[in-house]
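Let me begin by presenting the structure, written as C-alpha cells, before commenting on it.
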Amino acid sequence: KMIIPKVSLLVFSLSLLSGSSAFSIHNNNNNLSPITNAASTTTLHVATTTTTSDTPYKVERSSPGDRDLLVRAAKGEDVERTPVWLMRQAGRYMAAFRAYSTKYPFRERSETPSMAIELSTQCVKEYGMDGMIMFSDILTPLPVLGIDFDVIKGTGPVISTSIRTEDDVKALSDGEGYYDFDKKLPFIRDILKQLKVEADEANTSLIGFIGAPFTLASYTIEGKSSKACLETKKLIMAAEEGDNAAMTMFMDLLADMMGQYACHQIDCGAEVIQIFESWAHQLSPRLFEKIAKPAAQKVIQTIKRRHPDVPVIYFANGGSSYLELQRDMGCDSICIDWSVDMAEARKILGKDIAVSGNLDPTILFGSKEQIEHAVRENIDKAGGPGKHLLNLGHGVMQGTPEIAVKWLVDECKRYGTVPQQK
C-alpha cells in the first residue's frame, strides 16, 4: 500500500495525442509550474497540494476482463460485478482538476484536446472507475446550429442567441439534414480517439454523452440557468394555442441534430451514450409526456437505428415523480436520480428495465462507514451484485473529499462482486 505523504505532488502528463510527455515538479504548496506541450502551444500547469491524512491509499485497477463490464451492464445483462462510475467524476472536487479549472476558462479546457483528455482520465487513473467519460458539456454542440455560449465562473452557462419566434428558429443553421461535426467541432474526434486508447489501457469503458432536446431548448430560451423556466413554458403554451410554433420547431431541430451528434461520438470511439435531461425537474408529468419525451425518443431512435449494439442510458434529473412514463423511452437503461428509493424505482420500472444510480451525492460528505453502508444498501435494493450500474443520483459535488470517492468505488467493487460458485 502507498501512504499519502503530507505533501503530495500532482503531476500532469501532456502531449497525449503525440505520445510524448513532459513534466515539471515544484514542491512548494500552491505553486504553479508551467508545462509546455511541444505539439501545440498549449501551456499547462501542475500544482502541489497538502493532505491531512496518512490513510492508506491504494488504487484498485480493473482486471483485463472488466473492459466491457459497464457496457454489458448498461445493456441490461447480469454481470460478474456491479460496475461503477460517477456523474461529474471529472470535476472540481479533485485538486488535480482545479489546477486547470482555476486557470483556464471552461471552453478552453473542454475544446483543447490535451487538456480535455487529461481531465477525463485523472479520476479513472486515481480511483479505477469502470467508465471513463469525456470531459465536455451538454452545450458543446450548440454552435453547430449557430448558437453561441460561454460558461462564466460563478454564473454558469450563458447563451446570447435569442429564441422567441418561428423566424428565430428558421435563422438557425439546420444543416439541411446533415451536420459536419468534424468541421464545426474538430476537437471531439481528437479527444474521443485518444480517450479510446486510454480506456483500452485502463480496461474501462468509454462513455459519451449529450443533452436531451428539452434541456438544450430551455437553456437556450432562458439564456442561462433558470428557477422557473418561465420563458420556455410561455413558448410551450403558445405552441399549444397555435399562436407560435417556435418551441415545436426548435425541439424538432434539436432532436435531429442531437441524434446525429451522439452517433458522431460513437463513430469517434464512444461505447456508451448517456442522455442528460438535466431540466426534467421543470416538467410536470403532462409536459414531460407531451414535450420532452417524444423529442428524447427521436434521439434514441436515431442512435439505435445506426448503432443498435451501443447501449443508451437516459437520465431525467428530477424525473422520479414520473418514472412510470420512462418505461418505454426506447433506451437500454434508465439512470435514476437520488430522490426515489432504488427498490421503489425497480418496482415502478419493472425487472426487465436496466437501471443505474442512485446514491445521494451528499453521502460522500459522510464517514467511511456511512458511505460503504449506502453502497451496499443500493446494490441490494437494485437486486444484488451484478444487477445494475452503480452511480450517484446526480453529480459529484464541489467540495467532496477525494478519499470519499475512493471509498465508494472500492466498496462497490468489493461488495458488488458476485460470489463464484464452487
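The values are calculated or read from the model by the stated rules, or taken from the named source; none is laboratory data. Treat the numbers as computed from the prediction; the structure is a model and nothing was measured. Glycine gets a Cβ as well: all are built from the backbone with ideal geometry, and neighbour counts include every protein chain shown. The accessibility values were calculated without ligands, DNA or RNA, using every heavy atom of the protein model including side chains. Shrake-Rupley method; radii C 1.70, N 1.55, O 1.52, S 1.80 Å.
Out of Gly131, Gly177, Gly156, report the one residue that is modelled with pLDDT under 95 and within 17 Å of the chain's Cα centre (by Cα). When all the criteria are applied, what remains is Gly156. Taking the criterion of being touching a strand residue (DSSP E or B) at 6+ places or on another chain (Cβ under 8 Å) and either part of a helix (DSSP H, G or I) or acidic (Asp, Glu) (or both), the residues of region 239-282 that qualify are Met258, Tyr261, Ala262, Gln265, Ile266, Glu271, Glu277, Ala280. If only residues of region 360-374 that are out of contact with any Leu (no Cβ under 6 Å at 6 or more places or on another chain) and open to solvent by less than 30 Å² (accessible area, probe 1.4 Å) are counted, the one that is nearest to Ala74 (Cα to Cα) is Leu364.
The helices (runs of 4 or more DSSP H) found wholly in region 116-207 and carrying at least 2 residues that are of a type in the set (Lys, Arg), more than 29 Å from Lys234 (Cβ to Cβ) and open to solvent by 40 Å² or more (accessible area, probe 1.4 Å) occupy 181-184, 186-202. Considering each residue of region 383-410, count those that are touching a residue at least 60 places away in the same chain (Cβ under 8 Å) and either out of contact with any strand residue (DSSP E or B) (no Cβ under 8 Å at 6 or more places or on another chain) or surrounded by 22 or more Cβ atoms within 10 Å (Cβ to Cβ) (or both), and give that number. Going through region 383-410 one residue at a time, the tally reaches 19. Of all the listed residues (Val272, Val299, Val340), the sole one being farther than 26 Å from Leu206 by Cα and either among the polar types (S, T, N, Q) or open to solvent by less than 30 Å² (accessible area, probe 1.4 Å) (or both) is Val340. Screening Lys227 with (1) assigned to a helix (DSSP H, G or I); (2) open to solvent by 40 Å² or more (accessible area, probe 1.4 Å) gives one miss only, at (1).
Listed here are the residues, each with its yes/no results for (1) touching a Gly at 6+ places or on another chain (Cβ under 6 Å); (2) over 23 Å from Gly384 (Cβ atoms).
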site	(1), (2)
His307	no, yes
Ile313	no, no
Ala316	no, yes
Tyr322	no, yes
Ile336	yes, no
Ser356	no, no
Pro361	no, yes
